[in-house]
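Data block below; observations after.
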Amino acid sequence: MPLIPRTTNTSGSTPNSRTPKARWVIPAASATALAVVGGVLLWSPADEADAAASPRAAFSAVAVGDIAEQCTKSDSDCAHPKTAALVQRLDPKFVLTMGDNQYDDARLKDFKKYYATTWGAFKDKTKPVPGNHETYDPAGPLKGYKSYFGSVAYPNGKSYYSFDQDNWHFIALDSNSFDSSSQIEWLKKDLAANSKKCVAAYWHHPLFSSGEHGNNPVGKQVWKLLEAAKAELVLGGHDHHYERFAPQKSNGSASSSGIVEILAGTGGANPYKIEEVQPNSQKRITNTYGVVKLDFTDTGFSWKLIGTDGSTKDTSPSYSCR
């Protein structure tokens with residue numbers, strides 16, 4: 001039976017955004033097929049055909065950065081209790097935090113007083129990375145961060161690590177030390193050893209951003225390595241807004257063989273303004289607290305930005321792994 005290509009609508013895209021990939025669907029008229037062969041009834045149910053054409057999510061994860069301000073639930077303006085409640089309702093397989101987990105200096109006593117009372121509810125399934133605020137701890141850079149998260153954040157004694165889930169390989173990186181040759185050499189070896197089809201990486205300082213901090217070139221070398229390894233997705237925070245980009249190369253040129261970036265600094269810190277819209281930026285949302293819910297299959301991914309009011313603020317195209 002024929003397959004019909006269908007493209008996904010990308011509301012909010014700019015003229016520089018890439019045309020989304022086509023997806024294939026079974027025509028409704030041929031969704032169910034019945035035949036009698038040798039006296040045996042053969043049945044091809046519609047839901048099986050649809051599942052083959054558009055795979056359902058194998059698992060979901062939540063991702064966000066810039067989370068716990070020094071406030072509690074008793075303060076009606078405090079946002080991180082609300083984003084934490086949202087994560088609990090979504091109940092993802094695991095949680096990715098993209099740095100600046102605790103403000104302002106990420107001391108252990110602050111982690112215990114603020115972050116632990118909200119986002120600590122799912123600490124056992126959180127896969128964190130540090131941001132710049134974790135380096136401000138008077139006790140030493142990343143001291144409170146390491147003490148609070150322990151081996152979850154330092155599984156191999158380093159502030160960067162990787163893990164697998166189904167057909168996906170996830171790489172958690174410390175963008176505070178991208179100038180470290182040891183982290184770069186580890187990343188090269190990790191990518192070379194990976195056997196999974198799909199690859200996602202996350203760190204704090206985004207290479208591309210239309211926000212107040214703007215583009216941060218610290219991640220360019222890492223992006224090139226991921227690009228060469230045919231990675232699909234990069235997640236970041238640092239700027240306190242939400243933004244999604246069309247696939248692009250490390251030099252900012254749009255390319256179907258590039259990497260998709262999601263920026264989500266919406267976990268609870270005060271929102272930032274959009275300053276200068278970058279090429280390939282498809283959607284930008286500020287003055288909104290919420291989390292990114294990512295749906296992963298063995299062959300691709302998509303996501304939604306969900307606000308603390310429970311409503312969907314943005315829906316992505318569907319992407320296939322390379």
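The values are calculated or read from the model by the stated rules, or taken from the named source; none is laboratory data. Every value quoted in this text rests on a predicted model; they were computed, and no experiment measured them. Heads up, the Cβs are rebuilt from the backbone with ideal geometry, glycines too, and the neighbour counts pull from every protein chain shown.
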Check: Just one of the numbered conditions (1) at positive phi; (2) touching a strand residue (DSSP E or B) at 6+ places or on another chain (Cβ under 8 Å) is not true of Gly252; which one?
Finding: (2)
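A quick yes/no check of all residues on (1) modelled with pLDDT of 95 or more; (2) in contact with a Leu (Cβ under 9 Å, 6 or more places away or on another chain); (3) among the small types (Gly, Ala, Ser):
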position: Lys109; (1), (2), (3): yes, no, no
position: Tyr136; (1), (2), (3): yes, no, no
position: Ser147; (1), (2), (3): yes, yes, yes
position: Ser159; (1), (2), (3): yes, yes, yes
position: Ser175; (1), (2), (3): yes, no, yes
position: Asp190; (1), (2), (3): yes, no, no
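Considering the range 83-104 alone, what residues qualify as being under 29 Å from Pro138 (Cβ atoms) and surrounded by fewer than 17 Cβ atoms within 10 Å (Cβ to Cβ)?
Answer for the range 83-104, where residues must be under 29 Å from Pro138 (Cβ atoms) and surrounded by fewer than 17 Cβ atoms within 10 Å (Cβ to Cβ): just Asp104.
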Checklist line | Selection count where residues are part of a helix (DSSP H, G or I), in contact with a strand residue (DSSP E or B) (Cβ under 9 Å, 6 or more places away or on another chain) and β-branched (Val, Ile, Thr), scope the range 128-156 | finding: 1
Next item on the list: Out of Asp174, Asp164, report the one residue that is under 19 Å from His133 (Cα atoms) and either within 17 Å of the chain's Cα centre (by Cα) or not assigned by TED's automatic domain parsing to the domain that holds Ala63 (or both).
Entry: Asp174
Note to self: Val277 - would you say it is closer than 17 Å to Leu96 by Cβ and either in contact with a Gly (Cβ under 9 Å, 6 or more places away or on another chain) or surrounded by fewer than 24 Cβ atoms within 10 Å (Cβ to Cβ) (or both)?
What the structure shows: no
